[in-house]
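Enquirer: Below: one structure in structure tokens.
The values are calculated or read from the model by the stated rules, or taken from the named source; none is laboratory data. Everything numeric here is computed off the predicted structure, so don't read it as measured data. Here the Cβ positions follow ideal geometry from the backbone for every residue, glycine too, while neighbour counts run over all protein chains shown. Protein only, heavy atoms only, side chains kept; ligands, DNA and RNA dropped before computing areas. Shrake-Rupley method; radii C 1.70, N 1.55, O 1.52, S 1.80 Å.
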Amino acid sequence: MAELNKPVIVLVRPQLGENIGKAARAMLNFGLTEMRLVSPRDGWPNPSAGPAAAGADIVLEQAQVFATTAEAVADCAHVHATTVRKRGVTKPVIGADEAGRLVHSEAGRHAIIFGPERSGLETEDVALARNILTIPINPEFGSLNLAQAVILVAYEWARIGRELGAAGDTLVQPTAEDALPPAPQDELEAMIAHFEKLLAPRDYFFPHARAEASRRTLRTLLTKPGWNHLEVRTLRGILSTLERPIRD
């Protein structure tokens with residue numbers, strides 16, 4: 001199994017601490033932890049970054065600051081510049097998915113550089129890159145913020161890694177861990193019996209010739225959803241409430 005190759009995320013002249021924090025949050029969601037900052041406008045560390053990171057403190061604590069983009073990527077064999085314009089520089093243009101494949105398949109450190117929120121990367125920054133990384137976007141409204149751009153690239157890198165079976169951090173669907181197993185049969189039987197107990201005195205199983213068919217239909221209805229034990233307990237609680245006399 002191939003070893004996981006993680007790209008370095010380089011924010012060039014970021015303007016707001018909140019945006020740095022949000023970018024860190026986007027990174028850590030997909031297992032990226034190495035952030036480099038080039039001349040952040042408001043200095044570093046920035047007190048506004050922490051709250052916006054929403055717990056991605058490890059990314060902020062390990063963030064390195066550089067005076068120039070060239071210094072920030074000096075140890076990287078591959079540099080990918082995210083921009084929607086070539087700015088007079090002729091370079092291959094790739095998408096986020098292809099960038100993810102390159103990071104996983106080509107040896108050496110990869111840096112993905114993102115420009116300032118308002119103006120994007122300058123020509124001198126793009127000139128350092130091996131290629132230009134861009135994504136298809138609505139031509140009438142191309143307005144991604146910094147964290148959105150980072151999360152798109154990070155997601156594609158993680159997705160390609162899973163596709164290639166790269167070893168490393170395992171990402172999971174959030175709902176996969178939260179799903180509870182189906183309730184055991186005895187809990188279902190008790191719930192069905194509870195329903196029948198309430199329905200029988202109200203002639204739900206009338207006429208008697210259809211009683212068994214009605215019970216089978218009720219059983220099918222109640223067992224079909226695959227209730228977990230919390231759902232069964234909730235339904236039993238509802239039934240118990242309906243059993244009680246109505247208070248004046």
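Enquirer: Filter segment 28-38 for residues that are in a loop (DSSP other than H, G, I, E, B) and surrounded by fewer than 20 Cβ atoms within 10 Å (Cβ to Cβ) and give the result.
Expert: Those that are in a loop (DSSP other than H, G, I, E, B) and surrounded by fewer than 20 Cβ atoms within 10 Å (Cβ to Cβ): PHE30, GLY31, THR33, GLU34.
Enquirer: Just one of (1) surrounded by 16 or more Cβ atoms within 10 Å (Cβ to Cβ); (2) without any contact (Cβ under 8 Å) to a residue 24 or more places away in the chain trips up LEU102, so point out which.
Expert: It fails just one condition, (2).
Enquirer: Now, a different point. Give me the residue from segment 213-237 that is among the hydrophobic types (A, V, I, L, M, F, W, C) and within 13 Å of ILE192 (Cα to Cα) and, out of that set, surrounded by the fewest Cβ atoms within 10 Å (Cβ to Cβ).
Expert: Across segment 213-237, the extreme among qualifying residues is LEU221.
Enquirer: For segment 5-19, state whether one or more residues are closer than 26 Å to ALA77 by Cα, open to solvent by 20 Å² or more (accessible area, probe 1.4 Å) and not basic (Lys, Arg).
Expert: Yes, segment 5-19 contains at least one residue that is closer than 26 Å to ALA77 by Cα, open to solvent by 20 Å² or more (accessible area, probe 1.4 Å) and not basic (Lys, Arg).
Enquirer: Can you go through ARG25, ARG41 and tell me which one is in contact (Cβ under 8 Å) with a residue 24 or more places away in the chain, of a type in the set (Lys, Arg), over 13 Å from VAL150 (Cβ atoms) and not in a strand (DSSP E or B)?
Expert: One residue alone meets the criteria, ARG41.
Enquirer: Among the listed residues ALA72, ALA81, which satisfies the condition of being touching a Phe, Trp or Tyr at 6+ places or on another chain (Cβ under 6 Å), in contact (Cβ under 8 Å) with a residue 40 or more places away in the chain and either open to solvent by 50 Å² or more (accessible area, probe 1.4 Å) or under 21 Å from ARG36 (Cβ atoms) (or both)?
Expert: After ruling out the rest, the residue left standing is ALA72.
Enquirer: Is it true that ALA24 is in contact with a strand residue (DSSP E or B) (Cβ under 8 Å, 6 or more places away or on another chain), surrounded by 17 or more Cβ atoms within 10 Å (Cβ to Cβ) and at pLDDT 95 or above?
Expert: Answer is yes for this residue.
Enquirer: Right, something else. Can you pull out the residues in segment 47-62 that are open to solvent by 20 Å² or more (accessible area, probe 1.4 Å) and assigned to a loop (DSSP other than H, G, I, E, B)?
Expert: Answer for segment 47-62, where residues must be open to solvent by 20 Å² or more (accessible area, probe 1.4 Å) and assigned to a loop (DSSP other than H, G, I, E, B): PRO47, SER48, ALA54, GLY55.
Enquirer: Filtering segment 132-143 down to residues that are assigned to a loop (DSSP other than H, G, I, E, B) and in contact with a Gly (Cβ under 8 Å, 6 or more places away or on another chain), which residue is most open to solvent (accessible area, probe 1.4 Å)?
Expert: The qualifying residue most open to solvent (accessible area, probe 1.4 Å) is PRO136.
Enquirer: Related question: Under the condition of being polar (S, T, N, Q) and part of a loop (DSSP other than H, G, I, E, B), which residue from segment 88-126 is modelled with the lowest pLDDT?
Expert: THR90
Enquirer: I'm told ARG162 meets every condition in (1) touching a residue at least 24 places away in the same chain (Cβ under 8 Å); (2) basic (Lys, Arg); (3) open to solvent by 80 Å² or more (accessible area, probe 1.4 Å) except one. Can you identify the failing condition by its number?
Expert: The number of the failed condition is (1).
Enquirer: Could you say which residue among ALA129, ALA147, ALA190, ALA154 is surrounded by fewer than 18 Cβ atoms within 10 Å (Cβ to Cβ) and modelled with pLDDT of 90 or more?
Expert: Answer to the check: ALA190.
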